[in-house]
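Note sheet for the following structure.
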Amino acid sequence: CHCFASSGFRQPRPPHLPTASNPQTNIQVTMPPGSHQGTFQPLLHRSGTLRERLHSYTKRTLGAGGSINEAVALPPGESCAAWVAVHAIDFYNDVSTIWAVMSTDPYLASFRPGEGFPSGVEYRWSDDTQQQAVSVSAPVYIDKVLQWIAQQMNDETKFPNSDASSEDEQVALRVFQTPQFAALCGQVFRRLFRVYGIIYSSFFGTLEALEMAPHLNSCFKHFMYFCTEFGLLPEREIEPLEVLVRPIRKQYYNAKQGITSSSTTTSNANSANSSTTGSAGSGGK
């Protein structure tokens, strides 16, 4: 996809994808009054749409026992830009649901502006209504990020979720393939990464006590595999969490080499079988 390539996003070669099914469910998490977030309602992909079709690839791959490398790879014949768009929504759902559980902790109110961020950094908040970034606490930063992302994704001029006609699909693709959308997606992924950084830096112990650490780790690994596959995060963004990210990237590259080696071996074996069969046929004559 040229618009993502122009923004530094890479389009890799897609592997084979399994075909088992695993439909998405609608989960709503309601927080008590006075909590930081109020209500979280994961964003859905309307049935039969381009977004739903692409979302189903990942579910089918993982549901059929496929690897995370296979799950993040671009399906054959699909739009790279649309693939990234759908995953931006799915990763938002992952993060928002995790934070919904965390956001009821009274401990969050003790953070002052500038506190709760990964060591050596402070993420300041700014949006279209502010001329200058402002210092906020880490919990407030997460709230603002998730609210901002939800606003972008609920705007169908930015994240189309039209009916499943070929005409509507083409309209959605035209939106997804603009430089403006590439820039928006880049900002979404960077901010989601920062939210993960804050959660690991300041709230991992709480999630571990709630027995949610394995789920957090699984979501972050999937997120990082996807970001690595498509080059979505600048290195300067990753540096504060390098210790956390490095082993995940190593696993990604090792698994990627395994997939490539396996594909090459299978291709060579097929070629050898074809050659053997051809020779045997000639000899029979």
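Every number in this text was worked out from the coordinates using simple rules, so none of it is lab data. Keep in mind the model is a prediction, meaning the values are calculated, not measured. Positions of Cβ are generated from backbone atoms using ideal geometry, with glycine treated the same way; all protein chains shown enter the neighbour counts.
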Any idea what the dipole of segment 109-251 comes to, in debye rounded to 20, about its Cα centre with Lys/Arg Cβ at +1 and Asp/Glu Cβ at -1? 540 debye
Explain nothing, just the number: dipole magnitude of segment 99-147 about its Cα centre with +1 on each Lys and Arg Cβ and -1 on each Asp and Glu Cβ, in debye rounded to the nearest 20. 80 debye
Mean Cβ neighbour count within 10 Å, used as a protection proxy, ranking 178-187, 67-76 highest first: 67-76, 178-187
Work out, step by step, the length gained on full extension between residue 235 and residue 132: first 0.36 nm times the residue separation, then minus their alpha carbon distance; give nm to one decimal. 34.7 nm
Ranked highest first by the average count of other Cβ atoms within 10 Å around their residues, in what order do 132-144, 115-127 fall? 132-144, 115-127
